[in-house]
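Trainee: I'd like to ask you about the structure that follows.
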Amino acid sequence: MAHRKWEVFPGKMRFCCGGRLMCGKSIGVFVFCIGLIVILSGLFFGLTCPYLAVHVSPAVPVFGVLLFALSMMFLIRTGTMDPGVVPRAIGAEATVNETGRTDTMDNGGSRPVTEGYTPPARMKTVTVQNFMGTFGIERTLKYCFTCKIFRPPRSSHCSICDACIDSFDHHCPWVGNCVGRRNYRYFYGFLASLSLYSTYALAFCILHLVLLSKEDENRDFSDVIRKAPMRYPLSVAKPCCRSAILITDVIF
């Protein structure tokens with residue numbers, strides 16, 4: 001019975017929906033990241049936005065929902081798509097790449113020929129033409145012992161996903177996937193939208209506290225926070241947690 005390529009994929013990637021979605025090994029962290037953003041956003045929309053919609057503008061929660069939806073869309077897209085996996089060599093192709101010989105079997109095809117065998121160089125130089133085809137640029141390709149291929153330029157093998165990724169940037173623990181050629185734009189959109197959303201939420205959380213302090217002249221800003229320890233500090237903590245996600249991602 002024939003199998004699809006994703007069903008026999010030798011790496012550590014996980015596939016869902018008939019191979020249409022590709023996730024990294026650490027899918028639990030990815031689900032935790034989604035849950036963290038959803039829960040903290042619920043605090044913002046449930047505790048802060050109702051007051052601001054009445055005393056400031058109904059547009060405050062509307063723009064907040066749009067930024068939240070944009071952040072979640074980029075996050076899910078980044079974590080569930082192919083980052084640019086370079087297919088592994090299998091069968092005869094793997095044998096040729098590994099030995100550098102096409103006559104690695106004896107006449108009967110039953111056993112490999114090893115006498116006089118010299119392992120090939122682990123690098124090779126190729127000439128890549130520019131998009132106009134007017135001149136070529138020499139590139140050195142490195143050999144991957146796991147995938148048994150000569151990796152394309154700027155590609156690297158991810159030890160977590162156990163696969164070579166084209167234009168590999170890094171493995172993001174929060175999205176649970178590698179960041180490469182195919183999902184880099186979505187990852188950048190996730191960072192940009194989440195930063196904007198965090199700044200937006202933090203600014204309006206502080207505005208909420210300021211307006212509450214002005215309603216009563218006998219209550220200052222610190223008094224408002226002290227008398228509402230469960231509601232507003234939690235709302236203000238939301239963008240702080242998101243900022244921690246961004247900082248952690250940049251570090252690792």
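Trainee: Which value, in Å² rounded to 10, gives the accessible area of F150 with a 1.4 Å probe and all protein chains present?
Mentor: For F150, solvent-accessible area is about 40 Å².
Trainee: If each residue of separation counts as 0.36 nm, what is the full-extension length gain between S57 and R77 once their alpha-carbon separation is subtracted?
Mentor: Separation in residues times 0.36 nm, less the Cα-Cα distance, equals 4.0 nm.
Trainee: Going by accessible area, probe 1.4 Å, with all protein chains left in place, what is the ranking of H208, H171, H157, largest first?
Mentor: H157, H171, H208
Trainee: What's the ranking of 174-186, 158-170 by average number of surrounding C-beta atoms within 10 Å, highest first?
Mentor: The peptides rank, most packed first, as 174-186, 158-170.
Trainee: Let me ask you something else. Hey, got the Cα dimensions of region 24-65 along the principal axes, in Å, largest first?
Mentor: 46, 16, 7
Trainee: Now for a different question. Once the piece of chain linking K148 and V29 is laid out straight, how much longer is it, given 0.36 nm per residue of separation minus the C-alpha distance between them?
Mentor: 39.8 nm
Trainee: Starting from the 7 Å offset along Cα-to-Cβ, what nm value, one decimal, do you get for the label separation of S195 and C17?
Mentor: 2.9
Trainee: As a test question: what accessible area, to the nearest 10 Å², does S155 have when a 1.4 Å probe is rolled over all protein chains in place?
Mentor: 20
Trainee: Could you calculate the contour length gain from L36 to S167, that is, 0.36 nm times the residue separation minus the distance between their Cα atoms, to one decimal place in nm?
Mentor: Taking L36 through S167 to full extension adds about 44.2 nm, to one decimal.
Trainee: Tell me, what HN-Hα J-couplings in whole Hz come from the Karplus equation 6.51 cos²θ - 1.76 cosθ + 1.60 at θ = phi - 60° for each residue of region 45-59, using x for Gly and Pro?
Mentor: 6, x, 10, 9, 4, x, 5, 5, 5, 8, 9, 10, 6, x, 6
The values are calculated or read from the model by the stated rules, or taken from the named source; none is laboratory data. A quick note: this is a predicted structure, and the numbers were derived from the prediction, not measured. Positions of Cβ are generated from backbone atoms using ideal geometry, with glycine treated the same way; all protein chains shown enter the neighbour counts. Remember, those area values only see protein heavy atoms, side chains included, never the ligands or the DNA or RNA. Shrake-Rupley method; radii C 1.70, N 1.55, O 1.52, S 1.80 Å.
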